[in-house]
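Visitor: The structure under discussion is supplied below as structure tokens; questions concerning it will follow.
The values are calculated or read from the model by the stated rules, or taken from the named source; none is laboratory data. Model, not experiment: these values are computed from the prediction. Ideal geometry is used to build each Cβ from the backbone, glycine not excepted, and the neighbour counts take in all protein chains shown.
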């Protein structure tokens, strides 16, 4: 057994290097900035993200592997990298204001955010289970810290602790799954796994099933599917709002990118087996997420349950599979990120110091006191509910078409009925904003150009994807093809 | 085919939303300016739509004034608008009632005027789009877009007591139906694609395909028919699905009720005649008894409930249930008279019930109650003009010869009688009950002694209020006395639909059940009925051209 | 030679012990140690597979896992300390501002 070092091809990971470099520079620069003036760090990290995006552009077009086939540069990974960079940039835009209000404006925030982004990018690019594991842990460990970023606040501590315990617990399952997959196929490289299983290897190997099952459990925790979701509402509620936005939009997409690569690509021959499991998970996740969301009063918690439900819709598309199903997932994740980040931007905007003003009754009459943020919020709520002409509608339309096409009519019916149920709680926000009289006076809201920019981008994206989704659909299709062989 | 070489349908559709955009830029304090802008744009839309009947070619069943542009090519979605004899009058009804709605809100709406008019105009665009869209995707978008502004109109400006309940109920009921319809649309989209290799949402193309039918309840065509049925039946509303209607109508502001009753309900009946009949002919025939039974129940039940209502607005709401029953009965008589009468009756009902809601609104603005007992009697002495207009509207609603209601109901009865005299006799019972409750309502409020002190100093209608009702009254007489311009323009289209129903699968270009590509059919059929592990080769994007 | 199955059974036993520990113990630190036990069970499985498949990959993964576990412990203890400063407890049943 000899070990050969893979050729080092830094060109393949330029965007990741830029993100890492920016994070390190931020940690350095932070030392020289006075305590109350950390805003330049936000611009610095935005610059880094833009540069990373620019560096990823030349990589499009010619799919290749690097580092001995453990990194894959295909449209799939690049689509996700761009998505993560967008999510990170929007999160930074909505963060600065919030961090100042909550008096936790420290440089490490941006560095950790960038490290988390790095982890997500590795998750999308990883072609080897080890790389995926490392990406996932880079992401998770940064997020544990971010969730507990409000050190003085007990809820934030609690959120971090719960996230840490269940995150590590889930990692255990994931790793155990990887171990069994390794035992069954003799490799951790996803391409080799695919080749091995595609060659007509016996698909009844128990290790394979145990491995796939454990991976489903592990990823189930990470994307918060029922019954592995119980951490999500607490963590999302307790974490700082901007971090919650990042987790809801980013980690879900990141975990799904790895999930898709493993299941749609490597374990495709086992689809009849795992799709039956995912069918059940999808139904449970959609239904529980939506039904429990109805009972929520705290808007962060409501959006947390809504995010669980959305994971269910995405699972519908995973079950449906095929080009239509696959590309609909990519489309959905982008739409989902835009509308959730937008909604959280409004939540941050309307919030008050000390994580106050987050309950539904606090939104009474907002539509007349702050018409523009309320209008944006209404658009995001209708989009989340799947009402045209918004991105959320196109996403659901696309997902359910995939289900109908693949013959999963029952699943599609359960899905659309769920989306009717979900309308109930999304509409309640608009009811509060427009149909209730304002409460007693609350403090003024502080806006900033950055927050406004994030809102404009999110609204524009939500409507653009709803009205003219054509080009993005084609891009999503192009991106999913490498996985389907 | 577009004789005008000019996108007139888009112009009509988007003029209102253009007005909404203009209003967005006005200060919210400038109520008068906002009202005038809304008035100008909705009237402009009406005036432009008046060109349609003049340039309309009544000798062809083809779609006219067609506009077709590619939109989402990857999915086979196009921006496809056009009208035929079926939608022509509904478009005009919409533009007319919307202009009237703006006018009737002039003094009734004093709070949040800006938002109100924005929503009203968006609503108009949505409804017009529904009647013109010939692409299922486009149709569905307009269909859903209608929900949002209507929801706000009821929820914000409705009657405070139960407006939230009514708004959410309205929204959830209709949404429930439409998502099921969406699945139906997807099912025929993929079936058609599987058969022809061309994935498209083009309604006219999808109509050419025969969808597999067997007399079993759960055959493909029946299932899709039922999916569409659910959506449209909730919107109409047909008998067991009607419970949202009284709440929504009663709680909505006057203009909202006018639009709900006048136009929104027609979206349901329009859907039946546009999609269910020609697209799924076998299933439509299969379900005739079912539909007729529900319609007759609606006719009788609606009328009976009217008799015991104490709330004037709720009474009129329930009368809609009854009248829409007539429309559905005529349609499912499946003969020329029935369907023509049904379409004409859609317009008639829009006019007369719209006018009735205006009448209620006028008294509500003055007395702030809708309860018949509280309003009191003898108003005709104090408000003669009002009483006269009310009388005409009421007689139109009853179906007095010489007024519009008569023509529609007569045609429907003839149509029903030709198929089955028992249906017709039930329907006649409904007409008699209808006369009873309307006349009784009129008698209780307009005649008798003027007793209530509040009523002593009531003012009669002012010029603006008269102006809201006069155009409708003119239409009553026009349709009632000289209906042939209306009937002539819908005749060919109606016959075309009936032809499609009659021929059934034989008339379709792409044969369904025993297709040449048997493999594709067989794989699709069982998978539609029950979930199997999916086969998903040939996504729309990778089709060979 | 000890068969593969023996290693795997031991690994599964350790893993299960860890899972039960996480599920039943109330002390945060013990929960944390149970998670470590799970990770070490996985490591055992990796090494065993590596040996029986004659491939080095498994052993290298173990190194990665150990490193990551160390990082996780560092962050985890920091979070526990931060929590302990605000509320002097390590009992998960008392850490319940938000319902589980």
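Visitor: Can you tell me which residue among A:145, A:138 is free of Cβ contacts under 8 Å to residues at least 24 places away in the same chain, within 11 Å of chain C (Cβ to nearest Cβ), in a helix (DSSP H, G or I) and in contact with a helix residue (DSSP H, G or I) (Cβ under 9 Å, 6 or more places away or on another chain)?
Guide: Unique residue meeting the criteria: A:138.
Visitor: Where residues in the range B:127-171 are touching a strand residue (DSSP E or B) at 6+ places or on another chain (Cβ under 9 Å), under 17 Å from residue B:94 (Cα atoms) and facing chain A (nearest Cβ under 10 Å), which of them is surrounded by the most Cβ atoms within 10 Å (Cβ to Cβ)?
Guide: First, the residues of the range B:127-171 that are touching a strand residue (DSSP E or B) at 6+ places or on another chain (Cβ under 9 Å): B:129, B:131-143.
Subsequent filtering for residues that are under 17 Å from residue B:94 (Cα atoms) retains B:129, B:131-133, B:139, B:142-143.
From what's left, facing chain A (nearest Cβ under 10 Å): B:142-143.
Working: B:142: 22, B:143: 25.
My answer is B:143.
Visitor: For the range B:32-67, how many residues are surrounded by fewer than 18 Cβ atoms within 10 Å (Cβ to Cβ) and assigned to a helix (DSSP H, G or I)?
Guide: Looking only at that region, the number is 12.
Visitor: Collect the residues in the range A:346-375 that are under 25 Å from the mean Cα position of the chain (by Cα), over 14 Å from residue A:300 (Cα atoms) and within 14 Å of chain B (Cβ to nearest Cβ), keeping them in residue-number order.
Guide: Those that are under 25 Å from the mean Cα position of the chain (by Cα), over 14 Å from residue A:300 (Cα atoms) and within 14 Å of chain B (Cβ to nearest Cβ): A:374, A:375.
Visitor: Limited to the range C:30-77, what total is found for residues that are closer than 21 Å to residue A:146 by Cα and more than 8 Å from chain A (Cβ to nearest Cβ)?
Guide: Result for the range C:30-77: 6.
Visitor: When you scan the range A:393-413, do you find a residue that is over 30 Å from residue A:72 (Cβ atoms) and more than 9 Å from chain B (Cβ to nearest Cβ), even just one?
Guide: no
Visitor: Continuing with this model, one more query. If you take the residues of the range B:201-230 that are within 21 Å of residue A:394 (Cα to Cα) and touching a strand residue (DSSP E or B) at 6+ places or on another chain (Cβ under 8 Å), which of them is surrounded by the most Cβ atoms within 10 Å (Cβ to Cβ)?
Guide: Filtering the range B:201-230 for residues that are within 21 Å of residue A:394 (Cα to Cα) and touching a strand residue (DSSP E or B) at 6+ places or on another chain (Cβ under 8 Å), the one surrounded by the most Cβ atoms within 10 Å (Cβ to Cβ) comes out as B:201.
Visitor: Check whether at least one residue in the range A:432-453 is away from chain B (no Cβ under 14 Å), at pLDDT 85 or above and either under 21 Å from residue A:389 (Cα atoms) or out of contact with any helix residue (DSSP H, G or I) (no Cβ under 7 Å at 6 or more places or on another chain) (or both), and report yes or no.
Guide: yes
Visitor: Follow-up question, since we're still on this one. Name the pairs: first residue in the range A:57-76 and without any contact (Cβ under 8 Å) to a residue 40 or more places away in the chain, second residue surrounded by 15 or more Cβ atoms within 10 Å (Cβ to Cβ), Cβ to Cβ under 7 Å, at least 6 apart or on different chains?
Guide: Within 7 Å, the pairs are A:60/A:75; A:60/A:78.
Visitor: Of the residues A:7, A:34, which single one is touching a residue at least 60 places away in the same chain (Cβ under 8 Å) and more than 13 Å from residue A:88 (Cα to Cα)? Even if it seems obvious, please write down each step before you answer.
Guide: Details: A:34 fails: touching a residue at least 60 places away in the same chain (Cβ under 8 Å).
A:7 is the lone residue from the list that is touching a residue at least 60 places away in the same chain (Cβ under 8 Å) and more than 13 Å from residue A:88 (Cα to Cα).
Visitor: To continue, here is another question. For residue B:461, are the conditions met, namely being over 21 Å from the mean Cα position of the chain (by Cα), within 14 Å of chain A (Cβ to nearest Cβ) and either modelled with pLDDT under 50 or surrounded by 15 or more Cβ atoms within 10 Å (Cβ to Cβ) (or both)?
Guide: No.
Visitor: Moving on. How many residues does the range B:68-98 contain that are in a helix (DSSP H, G or I) and within 14 Å of chain A (Cβ to nearest Cβ)?
Guide: 3
Visitor: Can you find a residue in the range A:169-179 that is facing another protein chain (nearest Cβ under 9 Å), more than 15 Å from residue C:46 (Cβ to Cβ) and part of a helix (DSSP H, G or I)?
Guide: Scanning the range A:169-179 turns up at least one residue that is facing another protein chain (nearest Cβ under 9 Å), more than 15 Å from residue C:46 (Cβ to Cβ) and part of a helix (DSSP H, G or I).
Visitor: Here's a follow-up. Quick check on residue B:437: is it surrounded by 22 or more Cβ atoms within 10 Å (Cβ to Cβ) and farther than 20 Å from residue B:349 by Cβ?
Guide: Values: surrounded by 22 or more Cβ atoms within 10 Å (Cβ to Cβ): yes; farther than 20 Å from residue B:349 by Cβ: no.
Taking the combined requirement at face value, the residue does not satisfy it.
Visitor: Of the residues A:33, A:78, which single one is more than 14 Å from chain C (Cβ to nearest Cβ) and surrounded by fewer than 16 Cβ atoms within 10 Å (Cβ to Cβ)?
Guide: Going through A:33, A:78 in turn, just one is more than 14 Å from chain C (Cβ to nearest Cβ) and surrounded by fewer than 16 Cβ atoms within 10 Å (Cβ to Cβ): A:33.
Visitor: Tell me whether the range A:194-215 contains one or more residues that are assigned to a helix (DSSP H, G or I), within 10 Å of chain C (Cβ to nearest Cβ) and surrounded by 22 or more Cβ atoms within 10 Å (Cβ to Cβ).
Guide: Yes; the residues of the range A:194-215 include at least one that is assigned to a helix (DSSP H, G or I), within 10 Å of chain C (Cβ to nearest Cβ) and surrounded by 22 or more Cβ atoms within 10 Å (Cβ to Cβ).
Visitor: Only one of (1) touching a residue at least 60 places away in the same chain (Cβ under 8 Å); (2) within 20 Å of the chain's Cα centre (by Cα); (3) farther than 23 Å from residue A:437 by Cα fails for residue B:166. Which number is that?
Guide: Single failed check for residue B:166: (3).
Visitor: Mind telling me which of the residues B:481, B:469 ends up being touching a residue at least 40 places away in the same chain (Cβ under 8 Å) and surrounded by fewer than 22 Cβ atoms within 10 Å (Cβ to Cβ)?
Guide: One residue alone meets the criteria, B:481.
Visitor: Sticking with this structure for a sec: Would it be correct to say that residue B:430 is surrounded by 14 or more Cβ atoms within 10 Å (Cβ to Cβ), under 23 Å from residue B:293 (Cα atoms) and without any contact (Cβ under 8 Å) to a residue 40 or more places away in the chain? Please lay out each step first, then the result.
Guide: Numbers: surrounded by 14 or more Cβ atoms within 10 Å (Cβ to Cβ): yes; under 23 Å from residue B:293 (Cα atoms): yes; without any contact (Cβ under 8 Å) to a residue 40 or more places away in the chain: no.
When the stated conditions are applied, residue B:430 does not pass them.
Visitor: In this structure, is residue A:11 away from chain C (no Cβ under 14 Å), assigned to a helix (DSSP H, G or I) and surrounded by fewer than 21 Cβ atoms within 10 Å (Cβ to Cβ)?
Guide: yes
Visitor: In the list A:125, A:68, which residue meets the criterion of being over 22 Å from the mean Cα position of the chain (by Cα) and either away from chain C (no Cβ under 13 Å) or surrounded by fewer than 24 Cβ atoms within 10 Å (Cβ to Cβ) (or both)?
Guide: Selected residue: A:68, the only one of A:125, A:68 that is over 22 Å from the mean Cα position of the chain (by Cα) and either away from chain C (no Cβ under 13 Å) or surrounded by fewer than 24 Cβ atoms within 10 Å (Cβ to Cβ) (or both).
Visitor: Show me the helices (runs of 4 or more DSSP H) found entirely inside the range A:232-308 where at least 2 residues are modelled with pLDDT under 90.
Guide: A:271-294
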